[in-house]
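The structure that follows is given in the form of structure tokens.
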Amino acid sequence: MNKTYKDVNDYIRTFPKELQEVLEQVRTTILEAAPGAEEGIAYGLPAYKVYGKPMVYFGAFRSHIGFYATPSGHAEFAEELSAFRRSKGSVQFPLGKEIPLDLVRRITQFRFHEIQIKYKE
């Protein structure tokens, strides 16, 4: 989907109702794990930044929810993520199965603190 979205609400509204609910759960989990994170759209996906630095992204696809926490976020949780299809900076959570929101929360918190430590004045 090469559509331009004005915000995360616009992105989520383009999906069927049951998938919107899952996307809202992921969104809420990220926002609760990273208070004050800036929410927007980047690369056509919901994106979250801290101090202007990319923290995590997520998106819905035909058969999965993609979660992108850069290589460091995925490396830190490699063992837990090994149950899912993944690459260096992404993981695919299959649709039709429960999304591991606790894992999303912990990865987001890791990235949030990693960026804070590096860029906080």
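The values are calculated or read from the model by the stated rules, or taken from the named source; none is laboratory data. Predicted, not measured: the structure shown is a model, and the values here were computed from it. Note that each Cβ is placed from the backbone with ideal geometry, even for glycine, and that neighbours are counted across all protein chains shown.
Inspect region 34-44 for any residue being under 10 Å from the mean Cα position of the chain (by Cα), surrounded by 14 or more Cβ atoms within 10 Å (Cβ to Cβ) and at pLDDT 95 or above and give the result as yes or no.
No; the residues of region 34-44 include none that is under 10 Å from the mean Cα position of the chain (by Cα), surrounded by 14 or more Cβ atoms within 10 Å (Cβ to Cβ) and at pLDDT 95 or above.
What pairs can you find where one residue is in region 6-23 and surrounded by 11 or more Cβ atoms within 10 Å (Cβ to Cβ), the other is of a type in the set (Asp, Glu), and their Cβ atoms are less than 8 Å apart, with a gap of 6+ or different chains?
Asp7/Glu39; Val8/Glu39; Ile12/Glu24
Filter region 86-109 down to residues that are more than 21 Å from Glu18 (Cβ to Cβ) and modelled with pLDDT under 95 and give me whichever is surrounded by the most Cβ atoms within 10 Å (Cβ to Cβ).
Ranking the qualifying residues of region 86-109, first place goes to Ser90.
Taking region 1-38, which residues are in contact with a strand residue (DSSP E or B) (Cβ under 7 Å, 6 or more places away or on another chain) and more than 26 Å from Lys97 (Cα to Cα)?
Tyr5, Asp7, Ala37, Glu38
Please tell me if Ile115 is of a type in the set (Val, Ile, Thr), touching a Phe, Trp or Tyr at 6+ places or on another chain (Cβ under 8 Å), over 28 Å from Lys17 (Cβ atoms) and touching a residue at least 12 places away in the same chain (Cβ under 8 Å).
So Ile115 fits the description; yes.
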